[in-house]
Amino acid sequence: MAGSGKGRGRAAFTFNIEAIGFAKGETLPEAVFKPTPLFPPTGFKPVPLKMGEDEDYMLALKQEFRGSMKKMPYFIANKDENQAIEKYSKKYLQMRKESMEWIPDWRRLPREMKPRKKTKKVEKTKKAKVDTTKSNVDVLKKIENMLRSITCDRSWKRKAMEKKSLMRKRRKKKTKRVKKKQQMNKKNMMKRNMKRKMTTLLHILKMEMILVLVVTTTWMKQPISYLY
Amino acid sequence: MTQAEIKLCSLLLQEHFGEIVEKIGSHLIKTGNQPLRMIANDTEMSLDQVKKALCVLIQHNLVTYQLQKRGIVEYEALCSRVLRILRYPRYIYTAKTLYSDMGELIVEELLLNGKMTMSAVVQKVADRLTETMEDGKTMDYAEVSNTFVRLADTHFIQRCPQAPETSENSAAPPPPAPTLEANEKDMYMVPNLNLIGKGKRRRSFGDEDNGEHKPKRQKQDADSKEPPPDDGIYWQVNIDRFHQHFRDQAIVSAVANRMDQTSSEIVRTMLRMSEITTSSNAPYTQPLSSNEIFRSLPAGYNIVKQILDQYLTLLADDPLEFVGKSGDSGGGMYIVNLHKALASLATATLESIVQERFGSRCARIFRLLLRKKHLEQKQVEDFAMIPAKEAKDMLYKMLSENFVSLQEIPKTPDHAPSRTFYLYTVNTLSSARMLLHRCYKSVANLIERRQYETKESKRLLEKSQRVEAILASMQATGAEEVQLQEIEEMITAPERQQLESLKRNVNKIDASENQVDETIFVLESYIDSTVKKA
């Protein structure tokens with residue numbers, strides 16, 4: 001009727017507990033409320049490893065294989081962040097690695113795999129650095145040219161226009177410039193900087209002073225005290 | 001792909017190919033087929049890096065590509081192939097036992113490079129062998145080519161699928177991805193090459209050698225600019241054939257353990273005869289008559305035909321059913337039951353694992369359940385002759401670890417628990433899968449631990465490497481004993497001990513990885529044999 005199970009309020013299983021081996025009225029094992037431990041205790045010690053010539057040889061093979069894979073051109077290591085102190089040996093290791101570059105067979109790979117050459121930028125031919133022997137005549141000629149370029153109006157305007165078009169181009173290819181800048185010759189950078197600075201009067205006067213000093217010292221081969 | 005497999009794949013890729021390839025490889029394994037742009041997007045790496053990594057993976061046969069509609073090429077990673085990297089040392093060692101040093105080096109070079117042309121392989125192997133030989137001797141290309149041809153004839157190496165030949169004047173633009181065709185007939189055909197040459201040493205000794213070799217070297221350089229005669233024909237290692245060989249080895253050793261040496265030799269002969277005639281996933285070999293077996297026995301064994309027949313009958317009557325009799329013509333037709341043999345091997349592995357993990361009493365219950373298939377709790381106690389309390393405890397332990405499962409058989413249609421039979425049973429297939437998953441997990445743990453140990457002692461390792469380099473250079477230039485001793489003392493005694501223990505631990509972990517891989521092989525072969533190939 002209203003009563004449930006054996007006695008009032010007592011819990012009972014819906015099946016005969018003897019079916020799974022527990023005797024009637026026996027204390028059941030505790031219920032587990034947490035997940036199994038991360039490193040469960042093992043009842044028995046593990047069996048020792050197989051020893052023998054074959055196993056030793058295979059072990060040596062495995063370690064050698066790992067080592068040779070690290071030296072192959074297929075191993076692409078992460079570019080290390082700039083270390084505080086660069087190792088001397090690094091330079092030679094890099095040289096050796098670069099000499100072993102691997103080129104896959106493009107006929108077997110999809111076309112999109114092949115790196116496309118950037119055709120937009122025409123590669124600048126690096127001018128061979130000419131050894132400038134410091135002769136007075138050459139220096140004078142250079143200085144004269146520079147002075148002329150500063151004072152002549154038309155050339156100044158031309159340079160301003162060039163600068164504008166350069167700026168436009170630069171905005172278009174900003175990202176590529178950022179990369180190319182690092183590779184560009186320092187001399188080019190300096191030259192451009194110098195040209196830009198020539199458009200303000202103060203800088204022009206400064207440059208003139210320096211030029212005059214240079215001319216007089218090289219000509220006379222001794223510093224002129226009264227100019228200081 | 002299960003989590004354990006993915007973790008293990010990423011660890012293996014990282015160890016052998018570096019971080020960038022590992023990121024892209026594991027991403028492909030997790031997400032399936034993906035085109036190039038999506039990979040670059042999801043992994044947030046530059047297109048350049050992704051292209052490089054994919055080239056490396058395709059070269060090593062770990063990733064394949066497929067041309068889909070609208071010209072999109074999708075890339076797919078082969079997870080099972082990545083897991084094979086664990087087994088590379090075993091392949092190389094097998095090649096060594098079968099074809100000596102030359103075979104070993106050929107297989108090693110092919111595994112290091114993924115795919116290579118025959119001429120490149122022969123050249124590299126000859127150079128490597130020349131370096132180990134005495135001064136003045138060089139390895140001839142002809143010998144190496146011979147070993148290569150033998151490897152190809154026994155199907156241990158095979159040709160890669162061929163790229164289509166593009167003619168110079170093709171009207172239509174080339175497709176975005178070449179469709180590689182695998183020609184069944186030519187897969188093991190070696191191209192007719194006339195490889196003449198000798199291995200070169202890396203260092204040149206003395207001026208006389210230099211003078212002689214200079215004109216030769218110039219000639220060789222000119223030759224290398226032209227494409228080699230077998231351009232476009234790449235070779236790779238045939239992993240399935242190696243697996244077949246391992247399986248045969250396992251069956252033969254099982255028979256030797258169960259019976260005796262002679263019967264194992266008979267089974268080995270039978271397997272050798274059916275190497276080429278039977279495909280790798282056939283359930284049993286082609287029937288062989290007793291007369292054929294008698295003729296093909298190795299020369300050393302001179303047993304009489306009658307004794308051979310007796311052995312064969314014994315093998316066929318064995319309850320393990322490695323060998324079966326399929327007819328009576330020709331003195332009795334016998335087959336080797338490959339699938340049954342694999343099942344017995346897997347079951348034996350399971351039994352051994354239960355014994356080592358839970359004890360011999362549990363193992364007895366396990367074997368009992370394997371034999372009797374389904375048993376109730378009471379019956380288990382009676383048959384195993386183990387007291388009720390302990391039997392119950394052991395059964396529940398095994399049940400919680402999923403070695404044993406419960407089968408409900410209801411007496412009434414309403415499945416009332418008081419009127420249902422609960423039977424314990426062992427399902428070998430599901431237990432094998434569970435154990436395989438556990439094996440992958442354990443190998444991943446081993447690799448992680450090994451990396452942790454090496455990272456901990458990184459500074460010490462670097463120091464010892466430097467000291468060794470200094471020692472070597474000083475010995476080369478000729479230094480006194482006192483100086484050498486001084487340099488050796490740079491590494492103090494406790495540091496030396498630390499290095500020793502590190503080396504011991506790393507070796508132990510590496511050896512364990514190799515041995516877990518053997519278990520993985522047995523379980524995987526068993527599971528593959530049960531999967532029906534569509």
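Only one of the numbered conditions (1) buried (at least 19 other Cβ atoms within 10 Å of the Cβ); (2) part of a helix (DSSP H, G or I); (3) among the aromatic types (Phe, Trp, Tyr); (4) at pLDDT below 95 is not met by B:TYR440, and that is (4). Taken over the range B:319-334, residues that are within 25 Å of B:LEU429 (Cβ to Cβ) and in contact (Cβ under 8 Å) with a residue 60 or more places away in the chain amount to 2. Of the candidates B:LEU406, B:LEU368, B:LEU375, B:LEU395, the single residue that is within 11 Å of chain A (Cβ to nearest Cβ), farther than 17 Å from B:LEU429 by Cβ and among the aliphatic types (A, V, I, L, M) is B:LEU395. Checking each residue in the range B:134-148 for being surrounded by fewer than 19 Cβ atoms within 10 Å (Cβ to Cβ) and touching a residue at least 12 places away in the same chain (Cβ under 8 Å) picks out B:ASP135, B:THR138, B:ASP140, B:ALA142, B:GLU143. Counting only residues that are farther than 23 Å from B:THR519 by Cβ and among the aromatic types (Phe, Trp, Tyr), the range B:330-388 holds 2 of them. If the condition is being among the hydrophobic types (A, V, I, L, M, F, W, C) and open to solvent by less than 50 Å² (accessible area, probe 1.4 Å), then the range B:274-290 contributes B:ALA282, B:LEU288. Annotation: B:ALA479 fulfils all but one of (1) out of contact with any helix residue (DSSP H, G or I) (no Cβ under 6 Å at 6 or more places or on another chain); (2) open to solvent by 60 Å² or more (accessible area, probe 1.4 Å); (3) at pLDDT below 90; the unmet one is (2). Among the residues of the range B:77-101, those identified as open to solvent by 10 Å² or more (accessible area, probe 1.4 Å) and among the aromatic types (Phe, Trp, Tyr) are B:TYR88, B:TYR93, B:TYR99. Annotation note: of B:ILE335, B:ILE307, the sole residue that is closer than 27 Å to B:SER289 by Cβ and touching a Leu at 6+ places or on another chain (Cβ under 8 Å) is B:ILE335.
For the range B:48-64, the set of residues classified as more than 9 Å from chain A (Cβ to nearest Cβ) and surrounded by fewer than 20 Cβ atoms within 10 Å (Cβ to Cβ) consists of B:ASN61, B:THR64, listed by residue number.
Which residue out of B:LEU461, B:LEU523 is among the hydrophobic types (A, V, I, L, M, F, W, C), open to solvent by 30 Å² or more (accessible area, probe 1.4 Å) and either more than 21 Å from B:LEU350 (Cβ to Cβ) or in contact (Cβ under 8 Å) with a residue 60 or more places away in the chain (or both)? Among B:LEU461, B:LEU523, only B:LEU461 is among the hydrophobic types (A, V, I, L, M, F, W, C), open to solvent by 30 Å² or more (accessible area, probe 1.4 Å) and either more than 21 Å from B:LEU350 (Cβ to Cβ) or in contact (Cβ under 8 Å) with a residue 60 or more places away in the chain (or both). In a residue-by-residue description of the range A:31-43, the property of being surrounded by 12 or more Cβ atoms within 10 Å (Cβ to Cβ), more than 24 Å from the chain's Cα centre (by Cα), part of a loop (DSSP other than H, G, I, E, B) and at pLDDT 75 or above applies to no position.
The values are calculated or read from the model by the stated rules, or taken from the named source; none is laboratory data. These figures come from a predicted structure and were not determined experimentally. For neighbour counting, all protein chains shown are included, and Cβ atoms are generated from backbone atoms with ideal geometry for every residue, glycine included. All accessible areas refer to the heavy atoms of the entire protein, side chains included, with ligands and DNA or RNA removed. Shrake-Rupley method; radii C 1.70, N 1.55, O 1.52, S 1.80 Å.
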